Amino acid sequence: MSRLLNSRHFQIFATLMRSRGMSEAALRLGISKAAVSKTLRLMERETGVALFTLAHGRLEPTAAARRLLPRAEQAAKHLEWALDEAYALDQGSVRTVIVAAHAPPLIAILPSAIQRFKESHPDVNVHLRVEGPPKVLESVAHHEVDLGVTNPPAPNTASSVDLCERHTISEDLLVAALHRRHPLVAKSVVRPEDLVGATVIALPDESPTSILVRATLQEAGVSIPKTIFASTSMGVCALVQQDVGIGLINPMLLSTGIFPDVVTRPFRPRIELWTEIYYSSIRPLSPEARALATYIEEAASALRGHAPLGKPAPD
């Protein structure tokens with residue numbers, strides 16, 4: 001093999017694999033459609049195998065292309081890192097750490113960690129993205145962010161977790177979040193049968209918490225038809241704060257007292273929730289990202305043992 005291929009060819013190939021066709025790939029790369037086509041022909045000639053077939057007027061990747069994709073994406077990312085480093089050689093360049101997190105750690109853990117980080121690294125910017133758990137994992141796996149802080153995916157669900165290193169930083173038990181005047185506040189424990197006839201504010205179906213809650217309710221033979229959906233647990237608590245319904249959430253979110261009219265009760269059967277920090281298993285962490293990761297773990301450790309809000313506030 002003449003080995004004419006380089007990381008730029010793999011970058012074009014990976015982009016084409018993640019696009020709906022050559023036109024979209026060319027647009028995303030800022031090159032011509034002819035350049036994408038030329039790269040594809042070169043790769044097929046050099047590898048000796050067909051990477052795409054034409055079906056119903058659209059390009060369809062072959063098994064060989066799917067096998068090549070993970071390695072091609074690695075090569076493309078190494079090219080991006082090299083370019084980033086090249087453009088950052090100027091001493092005036094501003095360094096940045098990008099973090100994605102979902103609501104509970106965003107509220108309870110990240111503020112103190114980022115505050116400490118800014119004190120020790122005043123010249124480094126921090127970009128914070130607020131995403132649901134699946135998107136956090138996807139962003140880490142695709143190297144769109146340096147660190148992710150979220151729940152692990154539920155068992156038997158497809159995710160990007162195999163492309164991530166992970167470390168558990170907090171363990172909690174799911175609780176029922178109630179308005180302080182809700183009738184269920186009188187109970188010491190909320191069980192599935194207590195939810196019958198109640199309005200439950202649920203997280204999206206793909207949320208790891210929702211998957212665990214659904215399985216628990218099904219095992220208990222309980223059906224909850226009256227459901228409102230909120231895209232984040234922050235949205236759940238905002239609705240509970242207005243006495244719209246009941247939320248089943250991670251108590252971490254309420255540890256700061258930002259929803260004064262929301263109280264919690266233990267939910268049984270027990271549903272264990274883990275919070276983990278994620279980073280790429282391929283791309284090494286920068287010293288700055290590693291420092292922030294340490295502060296995040298220390299902030300989570302300091303939060304351990306936080307008590308769910310128990311007693312309703314007086315009228």
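The values are calculated or read from the model by the stated rules, or taken from the named source; none is laboratory data. Bear in mind the structure is a predicted one, so any value in this text is a computation, not a measurement. For neighbour counting, all protein chains shown are included, and Cβ atoms are generated from backbone atoms with ideal geometry for every residue, glycine included. Calculation scope for accessible area: heavy atoms of the full protein, side chains included, ligands and nucleic acids excluded. Shrake-Rupley method; radii C 1.70, N 1.55, O 1.52, S 1.80 Å.
Descriptive notes on the structure:
- Apportionment of accessible area to carbon and sulfur, region 102-205, percent (1.4 Å): 48
- Counting DSSP beta bridges with both ends in region 142-276, the antiparallel % (nearest 5): 70
- Beta bridges per DSSP with both ends in the chain, % antiparallel, nearest 5: 60
- Note on the chain: with a GNM built from Cα contacts shorter than 10 Å, the maximum mean-square fluctuation among 35, 75, 291 falls on 35.
- Full extension of the chain between residue 290 and residue 80 yields a length gain of 73.6 nm, computed as 0.36 nm times the residue separation minus the alpha carbon distance.
- For the pair residue 186 and residue 127 in one chain, pulling the backbone fully straight at 0.36 nm per residue adds 17.0 nm over the alpha carbon distance.
- Here residue 8 and residue 218 are evaluated by their C-beta separation; at R0 = 35 Å the FRET efficiency comes out at 0.10.
- Dipole in debye (nearest 20) - region 131-225, about Cα centre, beta carbon charges: Lys, Arg +1; Asp, Glu -1: 620
- Projecting label points 7 angstrom from Cα along Cα→Cβ for residue 228 and residue 71 puts them 5.3 nm apart.
- Among 22, 234, 252, the largest mean-square fluctuation in a Gaussian network model of the chain, built with springs joining Cα atoms closer than 10 Å, belongs to 22.
- Relative contact order, percent, the chain [alpha-carbon distance under 8 Å, six or more residues apart]: 21
- Principal-axis analysis of the Cα atoms of the chain puts helix 208-219 at an angle of about 50° to the longest axis.
- Nonlocal amide H pairs with residue 280, under 5 Å, H built at 1.01 Å: 165
- Label zone at residue 199, where the point sits 7 Å out along the Cα-to-Cβ direction: region 241-268 residues whose backbone N lies under 20 Å: 241-249, 259-265
- Accessible-area composition of region 260-306, carbon plus sulfur, in percent [1.4 Å probe]: 50
- For the chain, accessible area per residue (1.4 Å probe, heavy atoms of protein chains only), Å²: 52
- Over the chain: helical MRE at 222 nm, DSSP H runs n ≥ 4 each giving -39500 (n - 2.57), nearest 500: -12000 deg cm²/dmol
- With a simple spin-label model that places each label point 7 Å from the Cα along the Cα-to-Cβ direction, the separation between residue 38 and residue 281 comes to 3.7 nm.
- Among 16, 248, 147, residue whose mean-square fluctuation peaks in a GNM of the chain (springs only between Cα atoms under 10 Å): 16
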